[in-house]
Every structure is written in structure tokens, then in C-alpha cells.
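Written below as C-alpha cells is the structure these notes are about.
The values are calculated or read from the model by the stated rules, or taken from the named source; none is laboratory data. Quick caveat, the model's predicted, so the values are computed rather than measured. Just so you know, the surface numbers come from the protein's heavy atoms only, side chains and all, with ligands and any DNA or RNA stripped out. Shrake-Rupley method; radii C 1.70, N 1.55, O 1.52, S 1.80 Å.
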Amino acid sequence: MAITMDEAREIVESVFDFDHVGDAMFAVRGDLDSKEAQEKLAKEIVECAAEELDDSSPEDADIIAAAAKERVEKFVKGSKFSQSGCSGL
């Protein structure tokens, strides 16, 4: 049975930290418009998330990849707001 999007988001959040993907996070923060850096961060998130799952299917990988992309977009948006002095609220 494939994981749900909510489960995928939880897994992504559990690995979205400096211990797991810190270097890629710094690269994105260094150039918030770099699609290459964003894709690398999303890929690293997916790799770390896959290590968290004992048994994953191709469907799980697709759902986790979507959650990772969503998280990277949220990270970029939040970083842009913080650099501009806006809270985003």
C-alpha cells in the first residue's frame, strides 16, 4: 500500500534538517533562483527519506518526490521573504 501525501510530508520534514541535507540547503540559500540547486536539494531529501522507509514502492518514491519538491518550494519562498524583511504572513 502506497504512503499518503501527509505521511510523505512527515517523512520529508523528518529529514529536512542540517544533519541530513544541510549543504544542499546552504546552496539553495546562496542562490534562491537556482533551479539546479533546488533540484539537488529535493533529490537529497528523497534519498534521505528513502533511507527512513523500510520498504518503499515506486509509488512511494513518486509521492515522496512530490512532497520534497513542495518542501523545497516552501523553503525558497520563506527564504525570499526573510531576505526581503517580510514575514510572509
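Annotations for the structure displayed:
- Over the chain, accessible surface divided per residue gives 66 Å², non-protein components excluded, 1.4 Å probe.
- Within the listed set D60, D31, D19, the Gaussian network model of the chain (springs between alpha-carbon atoms below 10 Å) gives the highest mean-square fluctuation for D19.
- Most mobile listed residue (D23, D54, D33) in the chain, GNM with C-alpha springs under 10 Å: D54
- Nearest-ten-degree value, helix 18-30 long axis tilted from longest Cα axis of the chain: 40
- Here the chain exposes an accessible surface that is 50 percent carbon and sulfur, computed with a 1.4 Å probe and the other protein chains kept in place.
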